[in-house]
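Chemist: Got a structure for you, questions after.
Every number here is computed from the coordinates shown, using simple stated rules; none is lab data. Keep in mind it's a predicted model, so treat the numbers as computed, not measured. Heads up, the Cβs are rebuilt from the backbone with ideal geometry, glycines too, and the neighbour counts pull from every protein chain shown.
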Amino acid sequence: MIELLDNFSQLLITLLATIGAGILFYKRRVQAYLLLTCFFGTFMLGTLYWTLHFYLFNYTPQVFYVSELAWIASSMFLLTLEYTLSTPDEKKFRHPAVWLVPIFCIPQLILYLLHGDILFNLLICGLTMAVAWHSTRGLIYARRQSGEQRAMQYFHIVVLLIIILEYCLWTSSCFWISDTYTNPYFWFDFLLSVSLFALLPATKKAVGA
């Protein structure tokens, strides 16, 4: 029951976020909003397939490729959105703290390779690692700025939170406890849904910076 509630709530939230981002693009004609709409839309489609499969057949899909392709596409759109919002000076910025990203991600990747599909885990972990790398660099850069340029820090904080929660989800799925509320997987997923929706106002703030 909690898995169905989790899936439907995330589907509803990502659908609303897709509509909200689409409206912003329609009104402003800003490329960042188009990329955000594509991010939410592809993530929502992956969740839709997963949710319908579980609702109709009462078990999670054994062949994940539809959802996997959608989630890989969403990560690519998020990475492109980061690059689009970055200023030329930010792209040149370097800081040793960004090396914390592979230090955290690579051991997790090894764990996932032991428990799941090799190609999908290499792709999704590679993409999320790149997203986290750019956001870590962008957050440090934004914190050193003043005025409106500091607004980018909220965007990067939300993106990093999304990536961290994604890794928490994948790690907890490797050590599945139960299909009840005692499983931390579901609570991480609820938090992820909230974080995904928070990306909409964070991106709006970043575009206005």
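Chemist: For segment 145-176, how many residues meet the condition of being in contact with a Lys or Arg (Cβ under 9 Å, 6 or more places away or on another chain) and either surrounded by fewer than 17 Cβ atoms within 10 Å (Cβ to Cβ) or not hydroxyl-bearing (Ser, Thr, Tyr) (or both)? Break it down stepwise before answering.
Modeler: Just the residues of segment 145-176 that are in contact with a Lys or Arg (Cβ under 9 Å, 6 or more places away or on another chain), to begin with: 150-156.
With the extra rule that they be either surrounded by fewer than 17 Cβ atoms within 10 Å (Cβ to Cβ) or not hydroxyl-bearing (Ser, Thr, Tyr) (or both), the set shrinks to 150-153, 155-156.
Total satisfying the criteria: 6.
Chemist: Being in contact with a Lys or Arg (Cβ under 7 Å, 6 or more places away or on another chain) and surrounded by 19 or more Cβ atoms within 10 Å (Cβ to Cβ), is that true of even one residue in segment 188-203? Give the derivation first.
Modeler: Filtering segment 188-203 down to residues in contact with a Lys or Arg (Cβ under 7 Å, 6 or more places away or on another chain) leaves none.
There is no residue in segment 188-203 that is in contact with a Lys or Arg (Cβ under 7 Å, 6 or more places away or on another chain) and surrounded by 19 or more Cβ atoms within 10 Å (Cβ to Cβ).
Chemist: Regarding Leu123, is this residue crowded, with 16+ Cβ neighbours inside 10 Å and closer than 28 Å to Thr37 by Cα?
Modeler: Spelling it out, Leu123 is indeed crowded, with 16+ Cβ neighbours inside 10 Å and closer than 28 Å to Thr37 by Cα.
Chemist: Taking the condition touching a residue at least 12 places away in the same chain (Cβ under 8 Å), assigned to a helix (DSSP H, G or I), hydroxyl-bearing (Ser, Thr, Tyr) and touching a Leu at 6+ places or on another chain (Cβ under 6 Å), does Thr47 pass? Working first, answer last.
Modeler: Values: touching a residue at least 12 places away in the same chain (Cβ under 8 Å): yes; assigned to a helix (DSSP H, G or I): yes; hydroxyl-bearing (Ser, Thr, Tyr): yes; touching a Leu at 6+ places or on another chain (Cβ under 6 Å): yes.
It is true that Thr47 is touching a residue at least 12 places away in the same chain (Cβ under 8 Å), assigned to a helix (DSSP H, G or I), hydroxyl-bearing (Ser, Thr, Tyr) and touching a Leu at 6+ places or on another chain (Cβ under 6 Å).
Chemist: Look through Asp117, Asp89 and report the one residue that is among the charged types (D, E, K, R), more than 22 Å from Ala32 (Cβ to Cβ) and more than 19 Å from the chain's Cα centre (by Cα). Please lay out each step first, then the result.
Modeler: Numbers: Asp89 fails: more than 22 Å from Ala32 (Cβ to Cβ).
Within the list Asp117, Asp89, the selection yields Asp117.
Chemist: Could you say which residue among Ala142, Ala202 is assigned to a helix (DSSP H, G or I), under 23 Å from Leu11 (Cα atoms) and not acidic (Asp, Glu)? It would help to see each step written out before you state the result.
Modeler: Details: Ala142 fails: under 23 Å from Leu11 (Cα atoms).
Testing whether each residue is assigned to a helix (DSSP H, G or I), under 23 Å from Leu11 (Cα atoms) and not acidic (Asp, Glu) leaves just Ala202.
Chemist: Hey, any hits in segment 76-86 for a residue that's in contact (Cβ under 8 Å) with a residue 12 or more places away in the chain, within 27 Å of Gln149 (Cβ to Cβ) and outside any helix (DSSP H, G or I)?
Modeler: The initial filter retains those residues of segment 76-86 that are in contact (Cβ under 8 Å) with a residue 12 or more places away in the chain, namely 76-86.
This time we only want the ones that are within 27 Å of Gln149 (Cβ to Cβ), so: 76-86.
Checking which are outside any helix (DSSP H, G or I) leaves us with 86.
Looking for residues that are in contact (Cβ under 8 Å) with a residue 12 or more places away in the chain, within 27 Å of Gln149 (Cβ to Cβ) and outside any helix (DSSP H, G or I), one finds at least one in segment 76-86, hence yes.
Chemist: If the requirement is being part of a helix (DSSP H, G or I) and basic (Lys, Arg), which of these qualifies: Arg94, Arg137? Walk me through it before giving the result.
Modeler: Numbers: Arg94 fails: part of a helix (DSSP H, G or I).
Criteria check complete, one pass: Arg137.
Chemist: Sticking with this structure for a sec: Cβ-Cβ below 8 Å, separation at least six or inter-chain, first residue in segment 107-121 and within 14 Å of Trp71 (Cβ to Cβ) and without any contact (Cβ under 8 Å) to a residue 24 or more places away in the chain, second hydroxyl-bearing (Ser, Thr, Tyr) and assigned to a helix (DSSP H, G or I): which pairs?
Modeler: Short answer, once both residue conditions are applied: Asn121/Tyr112.
Chemist: Residue under question is Ser178, and the condition is that it be of a type outside the set (A, V, I, L, M), more than 19 Å from Ser86 (Cα to Cα) and in a helix (DSSP H, G or I); does it hold?
Modeler: Values: of a type outside the set (A, V, I, L, M): yes; more than 19 Å from Ser86 (Cα to Cα): yes; in a helix (DSSP H, G or I): no.
In short, no.
Chemist: Something else about it: Do we find a residue being among the small types (Gly, Ala, Ser), without any contact (Cβ under 8 Å) to a residue 12 or more places away in the chain and either farther than 22 Å from Ser195 by Cα or assigned to a helix (DSSP H, G or I) (or both) anywhere in segment 54-67? Outline the logic, then answer.
Modeler: To start, the set of residues in segment 54-67 that are among the small types (Gly, Ala, Ser) comprises 67.
Keeping just the survivors that are without any contact (Cβ under 8 Å) to a residue 12 or more places away in the chain gives none.
No, segment 54-67 contains no residue that is among the small types (Gly, Ala, Ser), without any contact (Cβ under 8 Å) to a residue 12 or more places away in the chain and either farther than 22 Å from Ser195 by Cα or assigned to a helix (DSSP H, G or I) (or both).
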